[in-house]
Structure formats: structure tokens, C-alpha cells
Amino acid sequence: MLFHLAALVALAVASPASYNARPYAHTAKRQTSYDSSKLTVDLGYSTYEGYSNATAKLNVFQGIRFAAPPIGSLRWQAPRAPEQNRSSTIPATAYAPTCPQSGDSAYGTVQPANQSLASEDCLFLNIWTPSNATGPLPVFVWIHGGGYGAGSGRQDLTAFINSNDNAFVGVTIQYRLGAFGFLSSDEVYRKGVVNAGLLDQHLALQWVQQYIHQFNGDPTQVTISGESAGGGSVMLQDMAYGGSLGTQLFINSIAASPYLPMQYGYKDWVPSQSYYAFATKAGCPPTTPYLKNGSTPIFECLMSKDSATLINASATVSEEGSYGTWAFLPVTDGIIVQDLPSRQLGRGKVNGLNMLVGNNANEGFYFVNQLVSTEDELVAYLRVTFPLFSNNDIARILLYYPSSNASVPAKPLLFATEGDTGPTALNESSVGSSQQQRADNIYAETTFVCPAYWMAEAYSNNRAGGQGYKYQFSIPPATHGADVAGYFDYPGQYYSVDFTTAFQKIWGNFVTSSNPSIPNALANGLSRGNASVNAASAWPPYTIYAPEQLDLNTTCPVQTATGSCAGPSAVNDFRLVNAYTWEGGRGTRCDFWKSMGDLVPE
């Protein structure tokens with residue numbers, strides 16, 4: 001990695017104060033609880049009025065501002081606390097605008113309807129708090145996914161909280177996306193901040209510490225969570241400021257399919273090229289490689305552009321990248337992100353105490369062009385995906401990912417692999433086989449699966465006394481994102497009542513007690529009336545010497561044509577497995593990718 005001299009100095013001495021990390025230190029107006037009869041909360045800078053969901057027994061507050069609008073002079077700057085607005089009570093009864101969306105090349109152009117809901121002024125959060133709470137409750141904070149370019153805080157937490165007997169407060173946050181949140185270059189670093197979206201998340205977590213008590217939340221019992229880029233965000237908040245924050249902001253982390261794309265240095269060639277491409281699309285093309293557009297520096301030119309121009313430029317550049325990628329991503333800046341995850345997690349330098357982390361059985365399918373049928377085509381794919389790899393490095397990948405069916409045409413199976421017997425994810429899955437599955441699995445493990453392993457290892461018997469727990473979501477087809485319905489939908493809405501209830505309780509117990517274990521009857525399925533011993537009832541922490549994970553699957557009396565087992569007849573099938581030997585030695589392959597971190601980089 002290449003670092004600016006100032007970043008190297010910051011690496012040694014930086015603290016959260018480097019980015020105005022305590023803007024709420026003296027702004028709170030302390031009170032023991034809100035006025036439940038009027039559903040009003042006075043936050044000092046503004047007063048908000050939410051609404052009651054009597055059926056769910058939740059009070060809901062939507063669109064609460066946690067930061068000043070990141071527009072004008074605050075574009076590409078660290079977020080700041082909101083200014084006072086006390087002229088009247090603000091209705092908190094509808095979601096605020098989303099942040100501008102930038103899709104990836106695999107999914108095509110962002111629909112105009114999505115952009116019409118978007119605004120640069122988007123740093124808001126939403127809260128669900130039990131209406132009958134008698135004391136401070138644990139807090140669950142959700143960070144949405146979307147490749148750091150899409151998504152919003154509009155995830156409804158009602159079903160999840162209800163399934164856990166309204167035992168905690170729920171919060172969803174938004175953060176700047178695409179070029180607005182993750183534009184990076186030497187010029188951005190010198191004149192603003194890189195990783196602005198991560199700083200937005202950090203400020204939102206500080207807001208929770210300062211104000212959540214006014215919503216019956218306990219700031220000392222916060223769990224941060226997320227899926228995909230949200231899970232990757234959890235990983236980077238776990239690593240924030242070199243892992244020096246302890247339990248200041250949260251004690252627990254839940255990361256589902258943590259997304260770890262290439263993490264370059266803030267002024268490396270790749271993020272710098274995205275910066276210049278964005279500038280060109282926005283009408284600020286550089287006339288020399290690093291300096292100016294005429295007499296106006298690029299950064300100042302971008303600051304002068306209207307929002308619509310920048311939104312279009314961000315989305316266009318991101319959608320023109322290689323298949324399945326986003327153009328604007330977190331970078332190593334030497335301050336909030338001080339090192340590669342593969343290295344820092346390996347040293348156990350993390351914030352918080354406990355970790356629950358999971359991956360899906362087939363994470364790579366949506367992000368790999370499904371046109372790989374020969375080994376030559378696989379090698380061509382690898383050369384594009386890992387441009388810093390030599391011929392010897394490519395040969396090592398083929399050695400770690402052997403093919404036992406190179407001549408067999410790709411033919412998706414109607415079942416997921418068993419994981420520890422028979423065919424493995426190296427060559428077969430519920431969505432592919434042969435060389436295509438080989439490519440899918442390589443992407444899955446480098447980008448989602450191995451980061452989950454490294455996170456579990458980082459919290460294994462960590463120095464502060466916490467633990468890590470690991471699971472795999474395996475209900476076919478178990479592609480990326482298929483698990484989200486399991487913890488946020490109403491039981492029976494997509495997966496069976498038994499499975500959804502058990503999965504939601506796993507997450508909920510971790511939020512409330514820092515342990516994901518659930519009772520035997522619940523793990524086996526409440527409708528079955530079976531209280532025999534289930535591995536989920538005494539879930540052991542993940543350790544290097546005993547790398548155990550819980551495999552979450554279901555079985556069906558009759559297999560469907562699509563291989564799906566999500567209906568009401570599905571029977572929970574939870575079992576404890578060795579994560580290291582899983583899928584033909586997945587742990588060994590993750591160790592390989594960790595050793596290649598400087599060339600991936602991740």
C-alpha cells in the first residue's frame with residue numbers, strides 16, 4: 001500500500017478527534033424518557049413527534065436528523081452535528097429521502113424512480129421502541145447494504161422486534177453512498193475527507209450514545225449489525241481507529257455476508273482513476289493528470305456542481321465498471337481505516353466485545369458473469385479480477401481450487417452441498433457446477449466468506465474477554481441476500497414459521513444476552529414439539545483450535561423442482577460443523593487469501 005506522509009503520521013497518533021468525533025459531547029438535553037402520551041422527544045437541537053403502532057406495541061420515529069446536511073461546503077467533509085431547529089415540533093412519521101444511489105455493472109442503470117426519492121441531505125435515522133417498556137432496553141442498530149452505492153435505512157424492524165418479545169430498541173441509519181460517500185484521491189484527502197460514508201456511520205453511532213436513552217434504549221448495550229456492505233461496514237467500524245475505541249460505541253457486532261472488495265490506499269491508482277472518471281462525467285475533466293481543469297482545481301470544480309449533475313456522474317461511473325463491482329468504495333486512509341482487514345483482524349485489534357458473523361452457502365452467483373465454461377475462461381476471469389497477480393499466483397489459485405469435473409457442462413443441482421460429505425462448493429452448488437461454480441466460489445470466498453472467518457477469529461477469546469460465533473445460512477439456493485428475509489420478514493412470510501422464528505431468536509438473543517444460543521424446542525421447530533438436544537441450544541464460541549460453526553438449513557418431505565425448501569412444511573436442520581474443513585477445506589483457502597492480502601488487497 002502507498003500512503004501519504006501525513007497518513008503515516010496519523011496512523012501512529014490518530015484518535016477519533018481527528019474527524020471531529022465528539023460533536024455531541026455537550027448538546028444533549030437529558031431526560032429519563034419521552035412523553036409516551038404525545039410521542040414527543042426533545043433532543044435539544046430539535047423536537048420530534050413519532051407515532052404509535054398499537055398492533056405491534058411499538059412507537060415509531062422516522063426521519064430524525066443526526067447530522068447537518070452534507071451539502072454546500074460540507075460536501076466530502078466529515079459530518080457535523082445538526083444545527084438547532086426549534087421553531088416547531090417536527091413530524092417523525094415518514095421516512096426521509098434516501099441518499100443518491102449508484103448501482104453496479106451487474107444490475108444496470110439505477111431506476112429514475114429510485115433517484116427521485118434521493119437527496120444529498122439524507123443523514124437521517126429511524127427508531128422503533130417498545131411502547132410498554134419499563135426500563136432501558138438493549139439497542140439494535142442496522143447499517144444497510146448495497147455495495148456502498150445503493151440502499152437506504154428504510155428497513156422495517158417491526159417483525160424482528162416483535163418476534164423477540166419487544167425486548168430491544170431498533171435503529172436504522174443512512175450514510176452517504178457512491179461518490180458522495182466514498183470519493184477518494186490525494187486531492188480529496190487534502191481538501192476534505194475520504195471514507196465520508198464511514199464517518200457518517202460513526203457519527204450516527206455517537207448519536208445513539210447521546211440520545212437513545214430518550215427512546216428507552218440503553219447506550220451501554222448497543223449491537224451494530226448489517227448485511228453485505230452493511231456487514232462490511234460493521235467490520236470497518238469494528239476496526240475503526242485501529243480498534244482503539246473499546247466499548248465506547250457498542251459491545252456487540254452482527255455481520256451477515258460481510259462485503260470486502262479490494263481495499264486500496266486512498267491515493268492508489270484505482271480510486272484515483274474513479275475520481276478522475278467522476279470529475280470528467282461531472283464536467284470537471286483534468287487537463288493534466290493530477291492538477292487542474294483550466295484555472296479551477298478539480299475538487300473546487302466538483303464543489304460548484306449542482307446535485308443532479310453529481311448524482312448522474314456517480315451512478316454512470318459506477319455502472320461502467322467491470323461486472324459485479326462498484327466504483328466508489330472504502331479505502332485505507334490511515335485514520336478511521338488504518339490497515340487491511342486481513343491484517344488488522346488477524347492481530348485481533350477490534351472494538352466491542354462479541355461477534356456473531358455468518359455467510360451464505362452461495363455468495364458469488366450474482367457477482368460473476370455466468371459465462372465461464374472452460375478453465376481458460378476461468379483463468380481469463382482471474383486475470384481481470386486479480387490484476388496484480390503473476391502467472392505463479394494464478395497457478396496457486398488453481399491449486400487451492402481444484403476442479404474434479406473440468407469437462408462436465410455446467411448444470412445447476414437441485415440441492416446445496418452437504419458441506420462436509422460428498423461434492424463441495426469447489427465444483428458444485430444449487431446454482432452451478434464445473435468451471436462456473438469454481439469462479440463463483442472463488443469470488444464468494446475472497447469477498448464475503450473469508451472476511452466472515454477472519455471476523456470470527458478476531459473475536460475468538462479476544463483480549464477484552466469477548467467471544468465470536470459463526471454460522472452459515474444454507475437453505476437452497478442460499479445466494480447472496482437470501483438470508484435477509486429470515487431475520488426481517490414475518491415468520492411464514494417467506495421461510496417457514498419454524499425457521500424464521502428460530503433465526504430471529506438467534507439474532508435477538510445475541511442482542512439481549514450476547515449469546516446466540518436458543519432453546520432446543522425452538523431450534524427444532526416449535527410446531528414439531530421436539531425438545532431433543534439441538535446444537536443451537538449450546539452454541540460454542542468459534543476458536544482457532546475448535547473452529548465450529550452452526551449450519552442453518554431446512555429439509556423438506558418432498559423436494560421442489562427449484563430446490564427451494566422455504567414452505568410451511570420445511571423442517572429445521574441445524575447442526576454444528578467444523579468450519580475449517582467445511583466445503584473441502586475452506587479454512588485453508590481463507591488462510592491462503594489472508595497471505596495474499598497485499599496483492600488482492602483485502
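The values are calculated or read from the model by the stated rules, or taken from the named source; none is laboratory data. Please read these numbers as outputs of a predicted model, since none were measured by experiment. No Cβ is skipped: glycine too gets one built from the backbone with ideal geometry, and neighbour counts run over all protein chains shown.
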>> Let me spell it out: the conditions are (1) in contact with a helix residue (DSSP H, G or I) (Cβ under 7 Å, 6 or more places away or on another chain); (2) modelled with pLDDT of 90 or more, and Asn405 meets all of them except one. Which number is the exception?
In response: (2)
>> Step by step: first the residues of the range 84-122, then only those that are at pLDDT 95 or above and among the acidic types (Asp, Glu), then the one that is surrounded by the most Cβ atoms within 10 Å (Cβ to Cβ). Which residue is that?
In response: Glu120
> Does Ala416 satisfy the condition of being within 26 Å of Tyr469 (Cα to Cα) and modelled with pLDDT of 90 or more?
Replying inline: no
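May I ask you to list the residues in the range 308-333 that are of a type in the set (Asp, Glu) and at pLDDT 95 or above? Full working, then the answer.
Let us first name the residues in the range 308-333 that are of a type in the set (Asp, Glu), namely 319-320, 333.
Scanning the range 308-333 gives a single hit, Asp333.
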>> Every residue in the range 447-495 that is farther than 11 Å from Ala256 by Cα and either acidic (Asp, Glu) or surrounded by fewer than 19 Cβ atoms within 10 Å (Cβ to Cβ) (or both), please.
In response: Glu457, Asn461, Arg463, Ala464, Gly465, Ala485, Asp489, Tyr490, Gly492, Gln493, Tyr494
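Give the number of residues within the range 300-316 that are over 29 Å from the mean Cα position of the chain (by Cα) and closer than 19 Å to Gln273 by Cα.
Number of matching residues: 2.
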>> Which numbered condition in (1) touching a strand residue (DSSP E or B) at 6+ places or on another chain (Cβ under 8 Å); (2) at pLDDT below 95; (3) within 24 Å of Gln549 (Cα to Cα) is the only one that Thr421 fails?
In response: (1)
> Say we look at the range 329-364 and pick out the residues that are crowded, with 24+ Cβ neighbours inside 10 Å and over 18 Å from the mean Cα position of the chain (by Cα); which of these is farthest from Arg463 (Cα to Cα)?
Replying inline: Asp333
> Here is a list of conditions, (1) modelled with pLDDT of 95 or more; (2) over 23 Å from Leu177 (Cα atoms); (3) assigned to a loop (DSSP other than H, G, I, E, B), and Val337 meets all of them except one; can you say which number that is?
Replying inline: (2)
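Yes or no: the range 530-540 includes at least one residue that is surrounded by fewer than 22 Cβ atoms within 10 Å (Cβ to Cβ), of a type in the set (A, V, I, L, M, F, W, C) and in a helix (DSSP H, G or I).
From the range 530-540, those surrounded by fewer than 22 Cβ atoms within 10 Å (Cβ to Cβ) are 530-533, 535, 537-538, 540; that's our starting set.
Applying the additional criterion that residues be of a type in the set (A, V, I, L, M, F, W, C) yields 531, 533, 535, 538.
Now drop any that are not in a helix (DSSP H, G or I), which leaves 535, 538.
Taking every residue of the range 530-540 in turn, at least one turns out to be surrounded by fewer than 22 Cβ atoms within 10 Å (Cβ to Cβ), of a type in the set (A, V, I, L, M, F, W, C) and in a helix (DSSP H, G or I).
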>> For a quick check of your reading of the model, give me the residue pairs whose first member lies in the range 151-178 and is over 20 Å from Gly486 (Cβ atoms), whose second is surrounded by fewer than 24 Cβ atoms within 10 Å (Cβ to Cβ) and among the basic types (Lys, Arg), with beta-carbon atoms closer than 9 Å and at least 6 apart or on different chains.
In response: Gln174/Arg154
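Quick one: how many residues across the range 533-556 are free of Cβ contacts under 8 Å to residues at least 24 places away in the same chain, more than 20 Å from Gly508 (Cα to Cα) and among the hydroxyl-bearing types (Ser, Thr, Tyr)? Please lay out each step first, then the result.
First, pick out the residues of the range 533-556 that are free of Cβ contacts under 8 Å to residues at least 24 places away in the same chain: 533, 537-538, 545-546, 555-556.
Adding the requirement that they be more than 20 Å from Gly508 (Cα to Cα) leaves 533, 545-546, 555-556.
Adding the requirement that they be among the hydroxyl-bearing types (Ser, Thr, Tyr) leaves 545, 555.
Residues meeting the conditions: 2.
Does Asp498 satisfy the condition of being closer than 30 Å to Gly348 by Cα, out of contact with any Cys (no Cβ under 6 Å at 6 or more places or on another chain), of a type in the set (Asp, Glu) and modelled with pLDDT of 95 or more?
Details: closer than 30 Å to Gly348 by Cα: no; out of contact with any Cys (no Cβ under 6 Å at 6 or more places or on another chain): yes; of a type in the set (Asp, Glu): yes; modelled with pLDDT of 95 or more: yes.
Taking the combined requirement at face value, the residue does not satisfy it.
Restricted to the range 28-54, and to residues that are at pLDDT below 90 and within 11 Å of Tyr211 (Cβ to Cβ), which residue is surrounded by the most Cβ atoms within 10 Å (Cβ to Cβ)? Outline the logic, then answer.
Taking the range 28-54 as the starting set, the residues that turn out to be at pLDDT below 90 are 28-38.
Right, trim to within 11 Å of Tyr211 (Cβ to Cβ) and you get 28-31, 34.
Numbers: Ala28: 16, Lys29: 12, Arg30: 9, Gln31: 13, Tyr34: 22.
Among those that are at pLDDT below 90 and within 11 Å of Tyr211 (Cβ to Cβ), it is Tyr34.
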> Can you tell me which residues in the range 243-271 are under 20 Å from Asn515 (Cα atoms) and in a strand (DSSP E or B)?
Replying inline: Asn252, Ser253, Ile254, Ala255, Ala256
> Restricting to the range 187-201, what's the tally of residues that are surrounded by fewer than 24 Cβ atoms within 10 Å (Cβ to Cβ), in a helix (DSSP H, G or I) and of a type outside the set (Ser, Thr, Tyr)?
Replying inline: 3
